[in-house]
1. Taking the Cα centroid of region 282-317 and of region 351-421, what is the distance between the two, rounded to the nearest whole Å?
2. In percent, how large is the relative contact order of region 132-466, given Cα pairs closer than 8 Å and 6 or more residues apart?
3. Go ahead and run the numbers for FRET between HIS150 and LEU421, Cβ-Cβ distance against an R0 of 22 Å, rounding to 0.05.
4. Considering every pair of different Cα atoms, what Kirkwood radius, in Å, is found for region 338-469?
5. Neighbouring Cβ atoms within 10 Å as the yardstick, rank ARG171, ARG157 fewest first.
6. About the Cα centre of region 132-466, what is the dipole size in debye to 20, counting +1 per Lys and Arg Cβ and -1 per Asp and Glu Cβ, all else neutral?
7. Would region 132-466 count as rounded, prolate or oblate if I go by the C-alpha gyration tensor, calling it rounded below 1.5 in a/c and otherwise prolate when a/b exceeds b/c, oblate otherwise?
8. Does region 254-347 come out rounded, prolate or oblate, given a ≥ b ≥ c as the square roots of the eigenvalues of its C-alpha gyration tensor, rounded meaning a/c under 1.5 and, failing that, prolate meaning a/b above b/c?
Amino acid sequence: MEMMSSLMWILALLFCIVFLHVKGKGKLSNLRWNSKTSCQLPLGTLGWPFLGETIDFISCAYSDRPESFMDRRRRLYGKVFKSHIFGTPTIVSTDAEVSRFVLQSDAKAFVPFYPKSLTELMGKSSILLINGSLHRKIHGLVGSFFKSPHLKHQITRDMQSYVQQAMDKWRDDQRQPVFIQDETKTIAFQVLVKALVSLNPGEEMELLKKHFQEFISGLMSLPAKKRMVKIVQKIIQSRRNSSRSATVPRDVVDVLLKDASEVLTDDVIAGNMIDMMIPGEDSVPLLMTLAIKYLSDCPAALHQLTEENLKLKRLKAQNGEPLIWSDYLSLPFTQSVITETLRMGNIIIGVMRKSAEDIEIKGYLIPKGWCFFTYFRSVHLDENHYDRPYQFNPWRWQEKDTMSSYNFTPFGGGQRLCPGLDLARLEASIFLHHFVTSFRWVAEEDRIVNFPTVRMKKRMPVWVERRED
Ligand code: HEM
């Protein structure tokens, strides 16, 4: 008994030493920084030894209000605070201005930061990781290709046929609901692979999809990636061997092959094709799925969206013209629905960086080597920026030009601004158009899960009925 209580004392003492050491670290740093500059580390606590505040962060992330972790600290310490999450000391910003500054900074100040498990999946020349001139080159080439009218034209045609193929299988009398999350995943993967390497739906595409699922789930990741890289390398080889080079690039592989610089080797191109699927694969289907979820819960918005799209469909049918990409993007209310879905859905809650040197922003000191987490979700749901932020209200986007504002950054910003943003919006517009003009539906009860990624708990089941009008 006596031994037990001595042991308890020793443990308690040890715990206090470690705890005070970690808590003290922040204070010590504060002093050290104070002596060098007028700036201070943001307020906040580093939490428990080793664990930091990770447990609280994750338990909030699993709830309906992941931002409650931030809200509590925001009230105590202000919009920018320090914490210890992702296994490292972290500065969290829920301040749009500070986050914008970080996003706009170059690699001398901040470099990308991902959890180790994800970094291990990426190649060392991955667009997601690299900095400097190679990054600017790949980002620029890919971004301008995804923005080009040629790609939009081609993707619209492809997407129309993928959507049609999927919807043709939906019967009014089926005994199963349609799972929107699964359907949109299939469609968006087809579009993504077409845009990157021009594979059409078929056996090879299915194989790629299977390997990608193994890769991203963390099971057998590296062998799966190797198999995918092999498929892409075969495509690259056949392009190199072909005497007929594409005058207008048909996909991202063509765009990168066309670049004469030696840095873009076949390995760099092949690896990047897979790594670009990481941000592209899950996000677009989620955008479409969440739009259907919010519309199902907001009949007035659904009504206005349907009317707008039916009007376009009838007009085009009357004139005997096919729908082209600019038609889909011309519908203001549909665009507002997509924007509002991005604001509320927060498919990417924020982005992470690591500071490459000591940096001062708005009076805060960001020490070298710390993780910086720009948390968009708190900004997108801040009542100071958006009236009744938890209400799905696409009309708010018609009142003022908030699109360019600091307070709306679902695609990030600065040099790493998502190059797929135009593609994502176009895909969502095409899907919504065909869904609302071809079907009525009743959605089953389902809820949004926010961790580890945003998704619908039951994959968004809906019962569909083909429209007669
Ligand atoms: C709703 C859909 C999407 C959302 C919300 C989204 C969001 C984002 C965000 C926030 C970033 C910035 C990451 C950072 O700063 O570290 C990003 C980067 C990126 N996104 Fe997207 N994305 C979407 C769709 C796509 C699509 C369809 C593609 C197509 C391939 C794509 C490719 C990329 C790539 C390659 C990057 C890295 C850019 C770089 O680091 O230079 N994304 N995305």
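1. 26 Å
2. Values: 377 pairs, mean separation 82.2, N = 335.
Over region 132-466, the number comes to 25 percent.
3. After rounding to 0.05, the efficiency reads 0.80.
4. Over region 338-469, the inverse of the mean reciprocal pair distance is 17.6 Å.
5. Working: ARG171 11, ARG157 14.
So the residues, fewest neighbours to most, are ARG171, ARG157.
6. 540 debye
7. oblate
8. Numbers: a/c = 3.98, a/b = 1.71, b/c = 2.33.
Taking the square roots of the gyration eigenvalues as a ≥ b ≥ c, region 254-347 is oblate.
Just so you know, all these numbers are worked out from the coordinates, no wet-lab data involved. Treat the numbers as computed from the prediction; the structure is a model and nothing was measured. For neighbour counting, all protein chains shown are included, and Cβ atoms are generated from backbone atoms with ideal geometry for every residue, glycine included.
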